[in-house]
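Worksheet for the structure shown next.
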Amino acid sequence: MSKTWLMRPCLTFLDAVARSKSGIINADRNPILNRVLRWTIYNQFCAGSNSTEVSRSMGELRQLGYKGVILGFAKEIVLDPSQGAALADDAKYGPACYHMIDEWKDANLDTIRMLSPGDFLSVKLTGAGPICVAALQAREPMPPAISDALDEICMATRKAGARLWIDAEQQILQIGLDEWVIELMKRHNQQGEPLVYNTIQAYLKGARENAQRHILQAAREGWALGVKLVRGAYIENEVRSLIHDTKNDSDQSYDDIADMFISRRAPQTDGREEVFFPSTALMLATHNAASASKAMTTHRDRVAQGLPLTKLECGQIKGMADELSCSLIEDCEGTFTADDKTRIETPGVFKYIAWGSVSECMGYLYRRAVENRGAVERTQHMVDALAKELRRRVFG
Ligand SMILES: Cc1cc2nc3c(=O)[nH]c(=O)nc-3n(C[C@H](O)[C@H](O)[C@H](O)COP(=O)(O)OP(=O)(O)OC[C@H]3O[C@@H](n4cnc5c(N)ncnc54)[C@H](O)[C@@H]3O)c2cc1C
């Protein structure tokens, strides 16, 4: 992966496997292809294709010191447009569209059954199909079928002692999606720590204002705010003018928003209203070591000064930025639990991991490879480290 000349054809191959309907290049039907893909990429990035394999992968991550796992079902459900357009007489959408919502809900409920207390369920709302996507695009309220399915998913997650986040999408959907997730937080984040987290994309020029809006609304209405902070994955497909002009601006935006949550800085209002910072939990979802380190330092300073804290956690994708995840684990353990007098809840480090059969995971793997292509191609230092370790093991 560190070689550009090899990475490009591999991506083309991955894309072909992910899209193909042919039996020969379907990884679930072709055992040789299945094996090759498992050895080369699937085992590195995915949890497994059934609950036994997933439990084993999750156990291995916990043994390494991760506080928990963020688990998502990888399969992207794509409806044939002709089915989507098959309108029933008395409804806008045909039964196939409602069936997709049920399939998507069941996949999420299956995923919840594999979680342990404290873990996260990762929910990709657009997986619910055209009813969901059309309502988001039109910025309409949640359709009842989606709303009921989400309530069921939230209740099952609470019962499992876990939490859930809703993935952020492109802006054309995200503006409506923010409203839906705020509505969900209002319904399900009434007691104690948040159950539902929304995702804020710091690469957007409007991200800071959006984060402040979340804080104000939670403070005014009295619910707990859960935020997963990411830089944003859609730079290649998004309206470019919505995104910060430079990488440096996106980095600053990310660090500033993280600092706003960690330092519990309430937005300025017109002075007639006193805003108390709401109960908040922040998940820093990033592979950027500088951002993670800045956030940890601010959090640690507040611990040392005995100031009120925002619940802080970090997440990276399994198979990526493992050196950052492991150093964060070490850092947190060393700093936050050493002194009995200041013993507080250590910021947890989590790994995001997708599950599904090899073929079901291909679309997910392809998207992640494209989204992180820059970072993936900058992995020569990992090749060097692996070669050094191999030499050490062979020659002592
Ligand atoms: C656990 C986890 C969950 C995630 N969930 C989501 C999600 O729900 N939705 C989502 O959109 N993304 C999600 N992402 C992906 C995330 O948004 C980033 O694309 C990815 O993590 C790379 O960014 P980084 O913070 O790791 O750091 P870096 O690798 O330092 O930053 C790369 C990012 O910087 C930004 N950037 C790059 N070049 C420029 C430029 N010229 N101008 C402006 N900005 C630029 C882009 O956002 C790019 O992805 C998730 C990531 C993780 C780790």
Determine the pairs where a residue that is over 9 Å from I215 (Cβ atoms), located within segment 262-283, has a partner that is open to solvent by less than 60 Å² (accessible area, probe 1.4 Å) and of a type in the set (D, E) with Cβ atoms under 7 Å apart, the partner being 6 or more residues away or on another chain. M283/E313
Looking only at segment 71-100, how many residues end up being at pLDDT 95 or above and either surrounded by fewer than 19 Cβ atoms within 10 Å (Cβ to Cβ) or part of a helix (DSSP H, G or I) (or both)? 0
By residue number, the members of segment 304-321 that are surrounded by fewer than 20 Cβ atoms within 10 Å (Cβ to Cβ), farther than 19 Å from Q212 by Cα and not polar (S, T, N, Q) are A304, G306, L307, I317, G319, M320
Would you confirm whether or not segment 260-276 contains a residue that is within 12 Å of the ligand (Cβ to nearest atom) and assigned to a helix (DSSP H, G or I)? no
Among the candidates K294, K228, residue that is part of a helix (DSSP H, G or I), within 13 Å of the ligand (Cβ to nearest atom) and of a type in the set (K, R): K294
More than 20 Å from the chain's Cα centre (by Cα), of a type outside the set (A, V, I, L, M) and open to solvent by 60 Å² or more (accessible area, probe 1.4 Å), is that true of P278? no
Restricting attention to segment 322-334, does a residue exist that is surrounded by 12 or more Cβ atoms within 10 Å (Cβ to Cβ), more than 13 Å from the ligand (Cβ to nearest atom) and either assigned to a strand (DSSP E or B) or at pLDDT below 80 (or both)? yes
Filter segment 231-259 down to the residues that are more than 8 Å from the ligand (Cβ to nearest atom), exposed (fewer than 13 other Cβ atoms within 10 Å of the Cβ), of a type in the set (D, E, K, R) and under 22 Å from the mean Cα position of the chain (by Cα) and list them by number. E236
Only helices (runs of 4 or more DSSP H) wholly contained in segment 106-190 count here; list those with 2 or more residues that are open to solvent by 10 Å² or more (accessible area, probe 1.4 Å), under 23 Å from L242 (Cα atoms) and away from the ligand (no atom under 16 Å from the Cβ). 130-137
For segment 25-70, name all the residues that are loosely packed, with under 15 Cβ neighbours inside 10 Å and aromatic (F, W, Y). W39
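The values are calculated or read from the model by the stated rules, or taken from the named source; none is laboratory data. What you see is a predicted model, and the numbers here were worked out from it, not measured in a lab. Note that we place each Cβ from the backbone using ideal geometry, even for glycine, and neighbour counts take in every protein chain shown. When the accessible area is computed, the model is the full protein with side chains, heavy atoms only, and any ligands, DNA or RNA have been set aside. Shrake-Rupley method; radii C 1.70, N 1.55, O 1.52, S 1.80 Å.
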